[in-house]
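Let me begin by presenting the structure, written as structure tokens, before commenting on it.
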Amino acid sequence: MDHTITWANSGLSSVKFARKHGLVPASHLVKSIFKIILYRLSLLDIEQWYEKNMAMLSGTSLKDMDRFCSLWFEEMMKKTIYREAAELILSHRDRGHRVAVISNSPRFFVKPVADALSITDMICTEVEAKDGVLTGRLVKPLCYGEGKRVYAIRWAGLNGIDLSQSYFYTDSFFDIPLMKTVGHPVATNPDMRLRRAALAYGWPILTFARMGAFE
């Protein structure tokens, strides 16, 4: 989703939104920026980092989280949805293709983006909830790296989808396991390592202009 459908990082923008409205201290924003840099350099234990972030949400109701994400999306993310991404999604839908978002972000962050693009299928990292309240615990594996491939295969099996005929768009080197599984992998606004891999494997490369779909 991030840097493929939107040019903003959903995690960082949600922290910026929370900071703007006095929900987190400035130090948390600084740490988030630093952690994202480490992630990009493969110097971060993504699972441990994710667990710490989700633990902060323990005790939050799903209703409150959905309300926060709706406000966050309208103020921070809607304007960063690539016009070319929206057009590409529409072209697949016009060809009769089933469109899904697959993301390591939790469902409550993915849903507003998916809803704006009329996408109903979401494959995400799940956060445990009991009686409508987040426990702060993640459902393993994360929808990340090899885990993303596992979830995609599971979803395809449940929905009668042939991944050998499917398209997958991503910006991230960490998604190579799934790229090697689908028939039509496309490096989209790729990071440096994915660009090198795409050139080596002969995968198509797309680069979107920062023009908003909802301008």
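Contact annotation: residue pairs with Cβ atoms under 7 Å, 6 or more positions apart or on different chains, pairing a residue in the stretch 37-58 that is modelled with pLDDT of 65 or more with a partner that is of a type in the set (Ser, Thr, Tyr), are Ile46/Tyr39; Ile46/Tyr144; Ser58/Thr135.
Search the stretch 165-215 for residues being assigned to a helix (DSSP H, G or I) and of a type in the set (D, E, K, R), and hand back the single one that is surrounded by the most Cβ atoms within 10 Å (Cβ to Cβ).
For the stretch 165-215, the residue satisfying everything is Asp175.
Given the condition modelled with pLDDT of 95 or more, under 19 Å from the mean Cα position of the chain (by Cα) and aromatic (Phe, Trp, Tyr), answer yes or no: does some residue in the stretch 136-145 qualify? No: zero hits. So, Ile153, is that one modelled with pLDDT of 95 or more, within 22 Å of Ile5 (Cα to Cα), assigned to a strand (DSSP E or B) and in contact with a Leu (Cβ under 8 Å, 6 or more places away or on another chain) or not? When the stated conditions are applied, Ile153 does not pass them.
The residues of the stretch 142-167 that are aromatic (Phe, Trp, Tyr) and in contact with a Ser or Thr (Cβ under 8 Å, 6 or more places away or on another chain) amount to a single one, Tyr144. Scanning the stretch 98-111 for residues that are touching a residue at least 24 places away in the same chain (Cβ under 8 Å) and either aliphatic (A, V, I, L, M) or surrounded by fewer than 19 Cβ atoms within 10 Å (Cβ to Cβ) (or both) returns Arg98, Ala100, Val101, Ile102, Val110. Across the stretch 4-26, the qualifying residues are those that are outside any helix (DSSP H, G or I) and over 28 Å from Phe174 (Cα atoms), and the one among them that is modelled with the lowest pLDDT is Pro25. Checking each residue in the stretch 123-147 for being surrounded by fewer than 19 Cβ atoms within 10 Å (Cβ to Cβ), assigned to a strand (DSSP E or B) and free of Cβ contacts under 8 Å to residues at least 24 places away in the same chain picks out Glu128, Lys130.
Screening Ser105 on (1) farther than 20 Å from Ala213 by Cα; (2) out of contact with any helix residue (DSSP H, G or I) (no Cβ under 7 Å at 6 or more places or on another chain); (3) polar (S, T, N, Q) shows it passes everything except condition (2). I'd like to check something: does the stretch 81-101 contain any residue that is at pLDDT below 95 and either at positive phi or of a type in the set (A, V, I, L, M) (or both)? No, because not a single residue in the stretch 81-101 is at pLDDT below 95 and either at positive phi or of a type in the set (A, V, I, L, M) (or both). Could you tell me whether the stretch 68-80 includes any residue that is under 19 Å from Cys124 (Cβ atoms) and either outside any helix (DSSP H, G or I) or in contact with an Asp or Glu (Cβ under 8 Å, 6 or more places away or on another chain) (or both)? So far as the stretch 68-80 goes, no, none of its residues is under 19 Å from Cys124 (Cβ atoms) and either outside any helix (DSSP H, G or I) or in contact with an Asp or Glu (Cβ under 8 Å, 6 or more places away or on another chain) (or both).
Looking across the stretch 105-125, the residues that are hydroxyl-bearing (Ser, Thr, Tyr) and within 17 Å of Gly147 (Cβ to Cβ) come down to Ser105, Thr125. Checked against the criteria, Glu75 counts as modelled with pLDDT under 95, out of contact with any Pro (no Cβ under 6 Å at 6 or more places or on another chain) and surrounded by 14 or more Cβ atoms within 10 Å (Cβ to Cβ).
The values are calculated or read from the model by the stated rules, or taken from the named source; none is laboratory data. Being a predicted model, the structure only gives us computed values, none of them experimental. Using ideal geometry, Cβ is built from the backbone for each residue, glycine included, and neighbour counts are taken over all protein chains shown.
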